[in-house]
1. Kindly indicate whether S151 is part of a helix (DSSP H, G or I), among the hydroxyl-bearing types (S, T, Y), on the phi < 0 side of the Ramachandran plot and in contact with a strand residue (DSSP E or B) (Cβ under 9 Å, 6 or more places away or on another chain).
2. Would you call N212 part of a loop (DSSP other than H, G, I, E, B), farther than 19 Å from S120 by Cβ and polar (S, T, N, Q)?
3. Return the residues of segment 147-164 that are aliphatic (A, V, I, L, M) and in contact (Cβ under 8 Å) with a residue 24 or more places away in the chain; say none if nothing qualifies.
4. Evaluate segment 161-173: report whether one residue or more is open to solvent by 80 Å² or more (accessible area, probe 1.4 Å) and over 30 Å from E41 (Cβ atoms).
5. Considering M170, M137, which residue is part of a helix (DSSP H, G or I) and closer than 14 Å to H97 by Cβ?
6. Which one of these is under 25 Å from the mean Cα position of the chain (by Cα) and either open to solvent by less than 50 Å² (accessible area, probe 1.4 Å) or in contact (Cβ under 8 Å) with a residue 60 or more places away in the chain (or both): Y132, Y204, Y194?
7. List the residue pairs whose Cβ atoms are under 7 Å apart, where the first residue sits in segment 135-146 and is free of Cβ contacts under 8 Å to residues at least 60 places away in the same chain and more than 15 Å from S56 (Cβ to Cβ), the second is open to solvent by less than 80 Å² (accessible area, probe 1.4 Å) and not in a strand (DSSP E or B), and the two are 6 or more positions apart or on different chains.
8. Applying the selection to segment 108-129, what residues are of a type in the set (S, T, N, Q) and either modelled with pLDDT under 90 or open to solvent by 30 Å² or more (accessible area, probe 1.4 Å) (or both)?
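The values are calculated or read from the model by the stated rules, or taken from the named source; none is laboratory data. In this text, all values refer to a predicted model and were calculated from it rather than measured experimentally. FYI the Cβ positions are ideal-geometry reconstructions off the backbone, even for glycines, and counts take in every protein chain you see. Heavy atoms of the whole protein, side chains included, go into the accessibility calculation; ligands, DNA and RNA do not. Shrake-Rupley method; radii C 1.70, N 1.55, O 1.52, S 1.80 Å.
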Amino acid sequence: MRLSFIKAKSHIITSVAIILLACTLGTCGRENHLEKLYYSEISSVNKLVLAQMTISKMATIDDLNLHDADGLRQTAVAIIDAAKIGSRKAAYSYSTHMRAYIDLSALTPDDVEVNENSRSITLTLPEVNIEYLGRDMEIREEHYRVTGLRSEIDADERAALKESMNRAVMKEVERTPRFRDKLSAEAKTKARAYFTSLLGKDGYTVNVNFKND
């Protein structure tokens, strides 16, 4: 009778172990399936643009002041300008455009983790990249006033001003991290919102991280 009881108990334990193993394998199988599915869906986007920024610069074309003249040529020009009747002044603005994006083709299968027990998804995204989108083809005229006998502002002057403004913008962006930092922070905020909505629709808690953070 005792032997029969031991056999029965052993049979129950074996059955429970088989059931637990089946459940575990089933959970792992579902997790692997979801990880592959989400990885395929996300990485297929390739380049995800998340934020853009426009940096504008304003400059003026004015008569050369005698005190600001450098060298004989500029001094002569300043003296002639001072003798002319009327005034000559114009203001122009110019913009350079930047954007932040994530290269999702750099995502790896290990970057997507699904945990069925906690009903959570952890996504580790590639770092945010910043690139120049382009610059204005022409400068914008904000103010223009030429009176008396003064000469009109010509195309050569505007072209020289445009190049000067472009160099100033590029130098300021490279020297000042706040532009890139602001754009990157905005991109991360939008990425977290986007992927939380995309992956959390089935009731999962979504944790979005970034590499190198």
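1. Numbers: part of a helix (DSSP H, G or I): no; among the hydroxyl-bearing types (S, T, Y): yes; on the phi < 0 side of the Ramachandran plot: yes; in contact with a strand residue (DSSP E or B) (Cβ under 9 Å, 6 or more places away or on another chain): yes.
Spelling it out, it is not the case that S151 is part of a helix (DSSP H, G or I), among the hydroxyl-bearing types (S, T, Y), on the phi < 0 side of the Ramachandran plot and in contact with a strand residue (DSSP E or B) (Cβ under 9 Å, 6 or more places away or on another chain).
2. Details: part of a loop (DSSP other than H, G, I, E, B): yes; farther than 19 Å from S120 by Cβ: yes; polar (S, T, N, Q): yes.
So N212 passes the test.
3. Initially, segment 147-164 is screened for residues aliphatic (A, V, I, L, M), giving 149, 153, 155, 159-161.
Within segment 147-164, L149, I153, L161 meet the criteria.
4. Let us first name the residues in segment 161-173 that are open to solvent by 80 Å² or more (accessible area, probe 1.4 Å), namely 167, 171.
If we keep only those that are over 30 Å from E41 (Cβ atoms) too, we end up with 167, 171.
Yes, segment 161-173 contains at least one residue that is open to solvent by 80 Å² or more (accessible area, probe 1.4 Å) and over 30 Å from E41 (Cβ atoms).
5. Working: M137 fails: part of a helix (DSSP H, G or I).
Of the residues listed, the single one that is part of a helix (DSSP H, G or I) and closer than 14 Å to H97 by Cβ is M170.
6. On the way: Y132 fails: either open to solvent by less than 50 Å² (accessible area, probe 1.4 Å) or in contact (Cβ under 8 Å) with a residue 60 or more places away in the chain (or both); Y204 fails: under 25 Å from the mean Cα position of the chain (by Cα).
Answer to the check: Y194.
7. R145/S87
8. Applying the first criterion (of a type in the set (S, T, N, Q)) to segment 108-129 yields 108, 115, 117-118, 120, 122, 124, 129.
Passing the criteria: T108, N115, N117, S118, T122, T124, N129.
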